[in-house]
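> A single structure is presented below for examination.
The values are calculated or read from the model by the stated rules, or taken from the named source; none is laboratory data. Remember, it's a predicted structure, so these values are computed and weren't measured experimentally. Every residue, glycine among them, receives a Cβ derived from its backbone with ideal geometry; neighbour counts consider all protein chains shown. Surface areas here come from the heavy atoms of the whole protein model, side chains and all, with no ligands, DNA or RNA. Shrake-Rupley method; radii C 1.70, N 1.55, O 1.52, S 1.80 Å.
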Amino acid sequence: MKIVNQKWRNFSGKVFNEPITTIIENAIVKEQSEGYNLKICVGSDSQAYKSHIEYATAVVVLREGKGGFMFMRNLKGTKQISIKECMLKEVTMSVEVAYAICNILDKYNVALEVHADINTDAKFQSNVALKDAMGYILGMGFEFKAKPYAFASSSCADKVV
């Protein structure tokens, strides 16, 4: 599958030329200097169209008790795939970002969650990927959240896909 990758941006549309590691470290330094306790949640979502699949990954920076903000990027896949493959692609995208930033989060003592846009109720199609996604995320050493607690994927990334 050919992937077209866009740069990271914030919700206001400001585009960053730096890698996500630099963006997150700068945000952590700024927010912690202002006295905030932080947690970061990473999640991805997708939307299938006739000709392609559009993906979005969101890195949400939560200020404990004081709201938060996010950075996002979009990817465009050129091939139609199954629902399970799509769910696992989303999880892979989130894990890749989480893995890229985890050393920075450890350095500044910031908690991390990886959110999967997968329903825990077997009545929903996305549930077909739940066990694989949970095993992958937990196996990588990250905290796992699925719907309805996976807001980084099901709400934040969903808004920009």
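> Taking the range 109-128, which residues are out of contact with any strand residue (DSSP E or B) (no Cβ under 6 Å at 6 or more places or on another chain) and surrounded by 15 or more Cβ atoms within 10 Å (Cβ to Cβ)?
Answer for the range 109-128, where residues must be out of contact with any strand residue (DSSP E or B) (no Cβ under 6 Å at 6 or more places or on another chain) and surrounded by 15 or more Cβ atoms within 10 Å (Cβ to Cβ): just Val128.
> Please determine, by comparing only the residues of the range 68-93 that are assigned to a strand (DSSP E or B) and either without any contact (Cβ under 8 Å) to a residue 12 or more places away in the chain or not charged (D, E, K, R) (or both), which one is surrounded by the fewest Cβ atoms within 10 Å (Cβ to Cβ).
Phe69
> So which residues in the range 123-161 are in contact with a Lys or Arg (Cβ under 9 Å, 6 or more places away or on another chain), of a type in the set (Phe, Trp, Tyr) and not in a loop (DSSP other than H, G, I, E, B), if there are any at all?
Matches in the range 123-161: Phe151 only.
> Can you give me the number of residues within the range 8-18 that are in a loop (DSSP other than H, G, I, E, B) and either among the polar types (S, T, N, Q) or closer than 10 Å to Ile101 by Cβ (or both)?
Final tally of qualifying residues: 2.
> Scan the range 19-48 and report the pairs whose first residue is assigned to a loop (DSSP other than H, G, I, E, B) and whose second residue is open to solvent by 70 Å² or more (accessible area, probe 1.4 Å), with Cβ atoms within less than 8 Å and a gap of 6+ or a chain change.
Taking only residues 6 or more apart or on different chains, the pairs are Tyr36/Glu64; Tyr36/Lys66; Asn37/Glu64.
> Quick one: Glu96 ticks every box in (1) surrounded by fewer than 20 Cβ atoms within 10 Å (Cβ to Cβ); (2) more than 23 Å from Thr22 (Cβ to Cβ); (3) of a type in the set (Asp, Glu) bar one, so which box is it?
The one condition Glu96 does not meet is (2).
> Criterion first (in contact with an Asp or Glu (Cβ under 8 Å, 6 or more places away or on another chain) and either among the hydrophobic types (A, V, I, L, M, F, W, C) or surrounded by fewer than 21 Cβ atoms within 10 Å (Cβ to Cβ) (or both)) does Lys50 satisfy it?
So Lys50 fails the test.
> Given the condition out of contact with any Ser or Thr (no Cβ under 8 Å at 6 or more places or on another chain), more than 25 Å from Asn26 (Cα to Cα) and either of a type in the set (D, E, K, R) or modelled with pLDDT of 95 or more (or both), answer yes or no: does some residue in the range 94-111 qualify?
No: zero hits.
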